Amino acid sequence: MDKRVLVIIPAYNEEENIVRVVDNLINNYGQLDYVVINDGSRDNTAKLCREHGYNLVDLPVNLGLAGAFQAGMKYALVNDYDYAIQFDGDGQHNPQFIEGMEQMAEKENLDIVIGSRFASEKKPFTARMLGSRLIEFCILVTCHKRIKDPTSGMRMFNRRMIHKLATSMNFGPEPDTVAYLTRCGAKVGEYQVEMNDRIAGESYLNPINSMKYMFNMTTSILFVQWFRKRGL
């Protein structure tokens, strides 16, 4: 891996997962740099990171995923990284696929590479995948681009995207941001990956929050994004 790649790990109340996730990166993927963005956790996430000597940015208050993500992008920009990858602190993402994503970005001159569960695998027809299919359709209609796994949180961004996301407001690490950047001319590709099940802790996406998430994403993609100033 010739390029400098930063793994950005936003973490909120991940005391049960963070050591396993970061130790795996350190012990098995030493060619990758990483930074943990502790998003004002109320548990021992920051304490554990300090005890283990991890590279940590400790936000004094909870900014939410969008704020933690932008803090990571600012870190990548200031430290002159070629690529930054959004990486969950709960252990669901596999670092073994990062090198392949970087190679795909280089070979195809891509701005964004999504670690996709369905790049070459068929998406199942399940209730759980209904939301993913709806967002996929909304992006296809508005951007004329088919993204098979729009809700994947494993996304790699090149220098141009790092600068855009670090210096612009209100760009969260969500499908509507990918849709907006696609409409602005960003080149997006998908790389086949496998995801792990969450071992410990609880996801915020319970049934109620999942419905809210779907409403917010589809509304943003279909309507809100059209009022944003276009340009990269």
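The values are calculated or read from the model by the stated rules, or taken from the named source; none is laboratory data. Remember, predicted model here, so these are calculated numbers, not experimental data. Glycine gets a Cβ as well: all are built from the backbone with ideal geometry, and neighbour counts include every protein chain shown. SASA here: full protein model, heavy atoms, side chains in, ligands and nucleic acids out. Shrake-Rupley method; radii C 1.70, N 1.55, O 1.52, S 1.80 Å.
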TODO: Return the residue satisfying two criteria in turn: it lies in region 58-87 and is in a loop (DSSP other than H, G, I, E, B) and either aliphatic (A, V, I, L, M) or touching a Pro at 6+ places or on another chain (Cβ under 8 Å) (or both), and of such residues it is surrounded by the fewest Cβ atoms within 10 Å (Cβ to Cβ).
DONE: 61
Task: Options 142, 126, 151: the member that is hydroxyl-bearing (Ser, Thr, Tyr) and under 21 Å from residue 88 (Cα atoms) - done: 151
Task: The lone exception for residue 129 - which of (1) free of Cβ contacts under 8 Å to residues at least 24 places away in the same chain; (2) open to solvent by 20 Å² or more (accessible area, probe 1.4 Å); (3) not small (Gly, Ala, Ser) it fails - done: (2)
TODO: Please go through region 112-122 and pick out each residue that is open to solvent by 10 Å² or more (accessible area, probe 1.4 Å) and within 16 Å of residue 153 (Cα to Cα).
DONE: 117, 118, 119
Open item on the list: Just to check your reading of the model, which residue among 100, 91, 72 is under 15 Å from the mean Cα position of the chain (by Cα), over 22 Å from residue 216 (Cβ atoms) and small (Gly, Ala, Ser)?
Closed with: 91
TODO: Check 172, 189 and return the single one that is surrounded by fewer than 20 Cβ atoms within 10 Å (Cβ to Cβ) and either in a loop (DSSP other than H, G, I, E, B) or at pLDDT below 95 (or both).
DONE: 172
Open item on the list: Among the residues of region 29-57, what is the count of those that are in contact with a strand residue (DSSP E or B) (Cβ under 7 Å, 6 or more places away or on another chain), open to solvent by 20 Å² or more (accessible area, probe 1.4 Å) and not in a loop (DSSP other than H, G, I, E, B)?
Closed with: 5
- [ ] Identify, by number, the condition in (1) open to solvent by 60 Å² or more (accessible area, probe 1.4 Å); (2) out of contact with any helix residue (DSSP H, G or I) (no Cβ under 7 Å at 6 or more places or on another chain); (3) touching a residue at least 60 places away in the same chain (Cβ under 8 Å); (4) not small (Gly, Ala, Ser) that residue 207 doesn't meet.
- [x] (3)
- [ ] May I ask you to verify whether residue 108 is open to solvent by 20 Å² or more (accessible area, probe 1.4 Å) and either under 23 Å from residue 179 (Cβ atoms) or touching a Leu at 6+ places or on another chain (Cβ under 7 Å) (or both)?
- [x] yes
TODO: Of all residues in region 1-28, count the ones that are assigned to a strand (DSSP E or B) and farther than 18 Å from residue 70 by Cβ.
DONE: 1
Open item on the list: Among the listed residues 177, 126, 151, identify the single one that is in a helix (DSSP H, G or I) and of a type in the set (Ser, Thr, Tyr).
Closed with: 177
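Conditions tested, residue by residue: (1) open to solvent by 30 Å² or more (accessible area, probe 1.4 Å); (2) part of a helix (DSSP H, G or I); (3) modelled with pLDDT of 95 or more.
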{"residue": "165", "(1), (2), (3)": "no, yes, yes"}
{"residue": "181", "(1), (2), (3)": "no, yes, yes"}
{"residue": "195", "(1), (2), (3)": "yes, no, no"}
{"residue": "203", "(1), (2), (3)": "yes, no, no"}
{"residue": "213", "(1), (2), (3)": "yes, yes, no"}
- [ ] Scan region 16-27 for residues that are open to solvent by 50 Å² or more (accessible area, probe 1.4 Å) and touching a residue at least 60 places away in the same chain (Cβ under 8 Å) and jot them down.
- [x] 16, 20, 24
